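Below is one structure, written out as structure tokens; the observations come after it.
The values are calculated or read from the model by the stated rules, or taken from the named source; none is laboratory data. Quick caveat: nothing in here was measured; it's all calculated off a predicted structure. With ideal geometry, Cβ positions are generated from the backbone for all residues, glycine too; neighbour counts draw on all protein chains shown.
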Amino acid sequence: MAAEIEPLAALSWPAPETLSLDGWLLRFGKGYSSRLNSVSAIRYSGTSLSQSIDAVERAYRARNLPPQFHIAPGIQPAALEAALQARGYITKPPTVLMIADASDIAAPTDVRVLASANGDFERLTREGSHSPEDGDERLETLARITDPMAFLLAMDGDNAVASAASVATGNWASVYVMRTTPAHRRRGHGRRVLATLAQWALTQNARRLYLQVDAANTPGRELYARAGFWDAYRYLHYVPG
């Protein structure tokens, strides 16, 4: 499963700068989102793993960023994780990648589907991010995407209370920047957003959905499980200790 999803997930969440190094994809952003600021180790064509890691470290430090490796099932080479551990790298908390069949979730709702982000979407994204700067990096990433996209807003009266974005890539559609205001959680708004997102995905011939959620985010994982998602695999980000 990771071999299918990881390449398209990397392409559908594009960093402002990328570099190919011995088959790996190095991604450079502003340092907030791990996915935007890490090495995607899906393929490897190098001959010296140690030298490749050295080159990665130089590339990130030249940009004043810590070197960071995205480690998912099927990484190449298989010895990479052990090599990072031997260098003293440690892991950030794990992330769970969950998947679902769009047809199991799709349902008609009154959630708004927008072609571009509006002020309400941007506000919810920033408010639900780790920091305003983290939110800005995510919004800037969404603005770089060229694949078919949808921006979704759930309303409570005149107030936007939940949001998400989706990118359709082949048979898959993502769930990105899912947000619900704290005062409106556990009222079904997130479920409505997911139902509408799934309907939109089917119009793009994307029959399956995927999302990434912190393993420690129990409320979020429970919401997604109730909606029809299940765990596909976990991945880690390794950083210098």
Taking the stretch 1-32 and keeping only residues that are under 16 Å from the mean Cα position of the chain (by Cα), part of a loop (DSSP other than H, G, I, E, B) and farther than 26 Å from Asn171 by Cα, one is left with Gly29, Lys30, Gly31, Tyr32
Ser129 fails exactly one of (1) in contact with a Lys or Arg (Cβ under 7 Å, 6 or more places away or on another chain); (2) more than 22 Å from Arg186 (Cα to Cα), namely (2)
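Give me the residue from the stretch 83-107 that is among the polar types (S, T, N, Q) and within 21 Å of the chain's Cα centre (by Cα) and, out of that set, farthest from Ala173 (Cα to Cα). Spell out the reasoning first.
Within the stretch 83-107, the first condition is being among the polar types (S, T, N, Q), and the residues that meet it are 85, 91, 95, 103.
From what is left, the residues that are within 21 Å of the chain's Cα centre (by Cα) are 91, 95.
Details: Thr91: 28, Thr95: 18 Å.
So, considering only residues that are among the polar types (S, T, N, Q) and within 21 Å of the chain's Cα centre (by Cα), the one farthest from Ala173 (Cα to Cα) is Thr91.
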inquiry  = So for the stretch 73-83 (the condition being in contact (Cβ under 8 Å) with a residue 40 or more places away in the chain and hydrophobic (A, V, I, L, M, F, W, C)), does at least one residue qualify?
reply    = no
Here, strands (runs of 3 or more DSSP E) confined to the stretch 149-189 with at least 1 residues that are touching a Cys at 6+ places or on another chain (Cβ under 7 Å) are none
For the stretch 214-227, pairs from a residue that is hydroxyl-bearing (Ser, Thr, Tyr) to a residue that is at pLDDT 95 or above, with Cβ under 6 Å and 6 or more apart or across chains, are Tyr224/Met98
